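One structure is given here, and the rest of the page talks about it.
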Amino acid sequence: MNVVQMCGLLMVFLGDKIFGLFGMSYVPSWYASVQKNGMQIAIFVYLLLPNILSKYLISGAFEIMLDGETIFSKLETGRLPQFDDLVTPLVNAGLTQATQ
């Protein structure tokens, strides 16, 4: 079971208590529809979502985009990114090291 599945099922079965665990003092308005359709959402998260996600994992796609521009594509290069593959485009885009 992946993290997305676990979070989805916890949201359905723990009810509005889940938001208190994250320090929220209110329940978001969209959560009422989650409670109303809990069984359907649980079925989707547990049975259907893994099938949808597995199609993306099988493709081997690993795309990193910044402001709509692809800075690395595993599909184009056939490999996972190296340090310079990511750092150079990010620095060129204006990313700087955080100071303490």
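The values are calculated or read from the model by the stated rules, or taken from the named source; none is laboratory data. What you see is a predicted model, and the numbers here were worked out from it, not measured in a lab. Neighbour counts are summed over all protein chains in view; Cβ atoms, including those assigned to glycine, are modelled from backbone coordinates with ideal geometry. Surface accessibility is based on the protein's heavy atoms, side chains included, excluding ligands, DNA and RNA. Shrake-Rupley method; radii C 1.70, N 1.55, O 1.52, S 1.80 Å.
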Condition broken by residue 95, with the remaining ones in (1) aliphatic (A, V, I, L, M); (2) open to solvent by 100 Å² or more (accessible area, probe 1.4 Å); (3) in contact (Cβ under 8 Å) with a residue 40 or more places away in the chain satisfied: (3)
Residue within the stretch 1-21 that is at pLDDT 85 or above, over 16 Å from the mean Cα position of the chain (by Cα) and part of a helix (DSSP H, G or I) present: no
Matching option when the condition is part of a strand (DSSP E or B) and touching a Phe, Trp or Tyr at 6+ places or on another chain (Cβ under 7 Å), among 71, 64: 64
Test: residue in the stretch 52-67 that is at pLDDT 80 or above, open to solvent by 80 Å² or more (accessible area, probe 1.4 Å) and more than 30 Å from residue 92 (Cα to Cα): no
Long-range neighbours under 8 Å by Cβ, at least six apart or interchain, first residue within 24 Å of residue 94 (Cα to Cα) within the stretch 68-80, second among the aromatic types (Phe, Trp, Tyr): 72/62; 73/62; 74/62; 80/62
Given (1) open to solvent by 80 Å² or more (accessible area, probe 1.4 Å); (2) in contact with a helix residue (DSSP H, G or I) (Cβ under 9 Å, 6 or more places away or on another chain); (3) not acidic (Asp, Glu), index of the condition residue 17 fails: (2)
